[in-house]
Amino acid sequence: MKKLFFLLLTLLVTSVMFSQSGKELLTLDNYLIPKNKKGAVIGKVIVPKGEKVSLVKDNSKLFTIDKQGNISLKKDAAINDSSPYRYEITLKTKDGEKSFELVKDDFIRNKVIAHRGAWKNHSASQNSLKALKKAIETGCEGSEFDVWLSSDNKVVLSHDPTIGGKTVEETTAAELFTIELKDGDHLPSLEEYIKCIKEQNKTRLVLEVKTSRMGKARSEAVADSCVQIVHRMKAQAWTDYITFSFDAAKRIRELDPTAKVLYLEADKSIEEVKEAKMSGIDYHYSNFLKDTELVNKAKAAGLLTNAWTVNKEEDMKTMLRQGLDYITTDEPELLMKIIANLK
Ligand code: MG
């Protein structure tokens, strides 16, 4: 009876959350500023045709917007190695004002995605702040992590549905945050992870929205909350999304038409993934071993490719030979060594 009450309460809260959101958010098609390029075009604001958008705040005075919604550096303005890396701008549309951060492009592009952070060789817990910091220190292109909604709708990190003897979706965030991880770490919130990643501009986040055990609406609600937090914290430049839930993937795409969203479950054709406007496929590496043309098929469809979880040297080399865009591994140090030796 108690469980039924809890489930009904969750469904009610979820439906209230839904009615409050679900609207496509204002986005740019790029948030990265190229270095040493005077007057470079950075990104276009995605707004319905005919709607006006203006730049109402830019403390740096470096940026300008044209009638088509293209944001550029001013004609004689450029940023270089000694420039700061974060620039906040505020845009105004008929729906109101929204702020964004444009980020100097020093991001690493070495294909290496640390799976749940770099934990294995560092006595860190998976999905901990230490594991994220180690992934950054190691020089990974991205650091992957997993999130759920707590019973009180906070986005929290855990790979498994249960952690420290508690079921994540049935426990409040306050209770979950008391769970101790290795080396004095605690179970982190999405906000803590974003705050940490924004302290630098070399490594990105790969945010996995977990499939809720409470059904489709709850999986979509996790997606909703993640996208809202990323936008509120102006972290679009640092964040890509992955998920096994096709519902959650479609939901992220609905809310954010320009976010990078890769689908994890190899149960759809390339055409179906493309049709759903996903950015790419992120499959178990055995799928790429079985179908050696998969990378080429995805590329021909304009889709990005990522393989998980590639931990053996031989498989890493095969994935590199096949030309995948990213390789997710528990051994980022090993993959980096292999890549360095290939050069
Ligand atoms: Mg994951």
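The values are calculated or read from the model by the stated rules, or taken from the named source; none is laboratory data. Source: prediction; values computed, not measured. Methodologically, a virtual Cβ is constructed for each residue, glycine included, from the backbone with ideal geometry; neighbour enumeration extends over all protein chains shown. Ligands, DNA and RNA are stripped out before the accessible areas are found, and what is left, the full protein with its side chains, is counted by its heavy atoms. Shrake-Rupley method; radii C 1.70, N 1.55, O 1.52, S 1.80 Å.
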Original post:
Where in the chain are the DSSP H helices whose C-alpha atoms run 20 Å or more along the long axis and whose mean Kyte hydropathy is at least 1.0?
Top reply: 2-20
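Taking K and R as +1 and D and E as -1, what net charge do the other residues with C-beta under 12 Å from the C-beta of residue 334 add up to? Intermediate values should be presented prior to the final figure.
Values: positive: 120, 312, 317, 337; negative: 313, 314, 315, 330, 331, 333.
Around residue 334, the surrounding residues sum to -2.
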Original post:
Under 15 Å from the Cα of residue 61, which aspartates and glutamates turn up, not counting those fewer than eight places away in the same chain?
Top reply: 76, 88, 101
**OP:** Per DSSP H run of at least 4 residues, take -39500 (n - 2.57); add these up for the chain, divide by its residues and hand me the 222 nm value, nearest 500 deg cm²/dmol.
**Re:** -9000 deg cm²/dmol
Original post:
Using every alpha carbon pair in the range 158-207, what percent of pairs falls into each 10 Å bin from 0 up to the bin containing the largest distance?
Top reply: 22, 47, 27, 4
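Defining a contact as two alpha carbons under 8 Å apart and six or more residues distant in sequence, what relative contact order in percent does the chain show?
Values: 703 pairs, mean separation 48.5, N = 343.
The value is 14 percent.
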Original post:
What order do you get for 316-327, 82-93, 125-136 when each peptide is scored by the mean count of other beta carbon atoms within 10 Å, highest first?
Top reply: 125-136, 316-327, 82-93
Subject >> Positive-end residue, the range 112-342 charge dipole about Cα centroid, Cβ charges, pick of 177, 342, 264 >> reply: 342
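Go through the range 281-343 and name the GluC sites (Glu not before Pro) that are in a DSSP coil and have 12 or fewer other Cβ atoms within 10 Å of their Cβ.
Numbers: sites: 293, 313, 314, 333; in loops: 293.
Sites meeting the loop and neighbour criteria: 293.
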Subject >> Percent of beta bridges antiparallel (DSSP, the range 74-210, rounded to nearest 5) >> reply: 65 percent
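The range 81-196: percent of C-alpha pairs farther apart than 17 Å? Please list the in-between numbers first.
On the way: 4183 of 6670 pairs.
The calculated P(r) of the range 81-196 puts 63 percent of pairs beyond 17 Å.
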Original post:
How big is the C-alpha Rg of the range 155-281 next to the rule-of-thumb value 2.2 N^0.38 Å, as a ratio?
Top reply: 1.09
Original post:
So, by mean Cβ neighbours within 10 angstrom, what's the order for 222-231, 35-44 with the highest one leading?
Top reply: 222-231, 35-44
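Give me Rg over Rh for the chain, both radii from the alpha carbons and Rh done the Kirkwood way, two decimal places. Before the final figure, lay out each step's value.
On the way: Rg = 20.4 Å, Rh = 21.1 Å.
Dividing the radius of gyration by the Kirkwood radius yields 0.97.
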Original post:
Once you list every other residue whose beta carbon is under 14 Å from the beta carbon of residue 183, what net charge do they have if Lys and Arg are +1 and Asp and Glu are -1?
Top reply: +3
Original post:
Equivalent-ellipsoid semi-axes (√(5λ), Cα gyration tensor) for the range 267-343, whole Å, largest first?
Top reply: 24, 11, 11
Subject >> Probe 1.4 Å - accessible area at residue 156, Å² to nearest ten >> reply: 0 Å²
